[in-house]
Amino acid sequence: MPKTTTPDLPAAPKPDLTIGFLLMRQFTLASVAGLVESLRFAADESFASRQIFCRWEWMTCDNQPVTASCGLPVSPTAILDFAKEWDYFVIAGGLLEETRQSPAWLLEALQDLHKRNIPIITLCSGAFVAGSAGLLDGRHCAIHFTTRDEFRTRFPKAIPVIDKTYIKDGGIISCPGGTAIDLAADLIRQHCGLVRSQKVLKYLLVDDAPAGKTKKQTPVNQPDIYENELVTKVIAFMKHHLDSPVPLAEVAEFAGVTFRQLNLIFTKCTSHSAAVYWRQMRLEKARRLMADSSNSIHAIAAATGFSDASHLIAWFRKHYGETPSSFRKRRREVEKLIKE
């Protein structure tokens, strides 16, 4: 009898956003819940809760269940793995006695993540873990007002801020607690598009822009903030010239330094040369335009300062591991999948 064969199923679409959560003992549930519930609404159609657009894993330091500060036990869904190419890695802290003295292996792992340019999100007292790893030296950090004095004592080189819902600085995104919905909405807006971000806010009954109020924090898809005034000045210049980048020699002249000095300062503050940092800004804007508009690749290339579509395609593939057309095709496949 002829053998029957089962047709190969299409590969699951690559998610737009992947996040690894490291839950410390006695972590604060509210901020973790606000972040992951936002991801859940963005990951699928309606309330189906499938991890399609967004995927996440729960991990713990010893791969055993942990208990939140409110008494809720949570079991990990994955073995702790720092080697994965997460889009973001979250340190979910809570009670200070569990984050004051972090093990050396954890601090070294976070330092390695930072060197690999994987953004680290600290929730609640998770900032104390990042501070112990030396990742907040010279950087602004959003912390809870009740921990400011101790934070200043322990990390005198850091710059604590108590009036922001989150801060992005130098690859570290710090959130002092609360619901973390503002942070989640901006992450989703950057990686999944404006429509899905608006969906999250609508389902969670959150106003996107309350009348008479503006967000104090810098959205995560905007450039980092730095203590170095020259770097901040140049990044603002780059942001306003994404569609028609001028030669870097002229940027250096604008900043009042030599080309070599500009690169040295940028490398010290951002871990990237000025050219690489600017190109990444333009690629991020191109990706958002691909997600939120039907503009042609030629039009997007022109709007983001690339010489032509081929130039954009080459750098997009190198940076994101796929071409713009495959990125858009994948999004269409996901849209079709969640409607089935």
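The values are calculated or read from the model by the stated rules, or taken from the named source; none is laboratory data. Just so it is clear, the structure is predicted and the values come from calculations on it, not from any experiment. Don't worry about glycine lacking a Cβ; one is built from the backbone with ideal geometry, like all the others, and counts go over all protein chains shown.
Some notes on this structure:
- Test: residue in the stretch 54-66 that is buried (at least 23 other Cβ atoms within 10 Å of the Cβ), in contact (Cβ under 8 Å) with a residue 60 or more places away in the chain and either under 22 Å from Arg116 (Cβ atoms) or not β-branched (Val, Ile, Thr) (or both): yes
- For first residues located in the stretch 135-164 and not assigned by TED's automatic domain parsing to the domain that holds Ala180, partners that are at pLDDT below 90 and lie 6+ apart or on another chain with Cβ distances below 6 Å do not occur.
- Selection within the stretch 276-315 - surrounded by fewer than 16 Cβ atoms within 10 Å (Cβ to Cβ) and of a type in the set (Gly, Ala, Ser): Ser293, Ser294, Ser296, Ala299, Ser307, Ser310, Ala314
- Of all residues making up the stretch 79-102, the number that are in a loop (DSSP other than H, G, I, E, B) and out of contact with any Asp or Glu (no Cβ under 7 Å at 6 or more places or on another chain): 14
- Taking the stretch 292-321 as the range and being over 18 Å from Pro245 (Cβ atoms) and part of a loop (DSSP other than H, G, I, E, B) as the test, the residues that pass are Ser293, Ser294, Asn295, Ser296, Gly321.
- The single condition among (1) modelled with pLDDT of 85 or more; (2) in a helix (DSSP H, G or I) that Val257 does not meet is (2).
- Reported count of residues in the stretch 73-102, each being closer than 16 Å to Leu35 by Cβ and touching a residue at least 24 places away in the same chain (Cβ under 8 Å), is 10.
- Search result, residues across the stretch 178-207 that are on the phi > 0 side of the Ramachandran plot, touching a residue at least 12 places away in the same chain (Cβ under 8 Å) and either surrounded by fewer than 24 Cβ atoms within 10 Å (Cβ to Cβ) or not small (Gly, Ala, Ser) (or both): Gly178, Gly193
- Taken over the stretch 227-242, the criterion of being loosely packed, with under 13 Cβ neighbours inside 10 Å and either closer than 23 Å to Leu289 by Cβ or in contact with a Lys or Arg (Cβ under 8 Å, 6 or more places away or on another chain) (or both) is satisfied by Ala236, His240.
- Scanning the stretch 31-78 for residues that are in a loop (DSSP other than H, G, I, E, B) and among the small types (Gly, Ala, Ser) yields Ser46, Ala48, Ser49, Ala68, Ser69, Gly71, Ser75, Ala78.
- Checked against the criterion of being touching an Asp or Glu at 6+ places or on another chain (Cβ under 8 Å) and crowded, with 17+ Cβ neighbours inside 10 Å, the stretch 144-155 has at least one qualifying residue.
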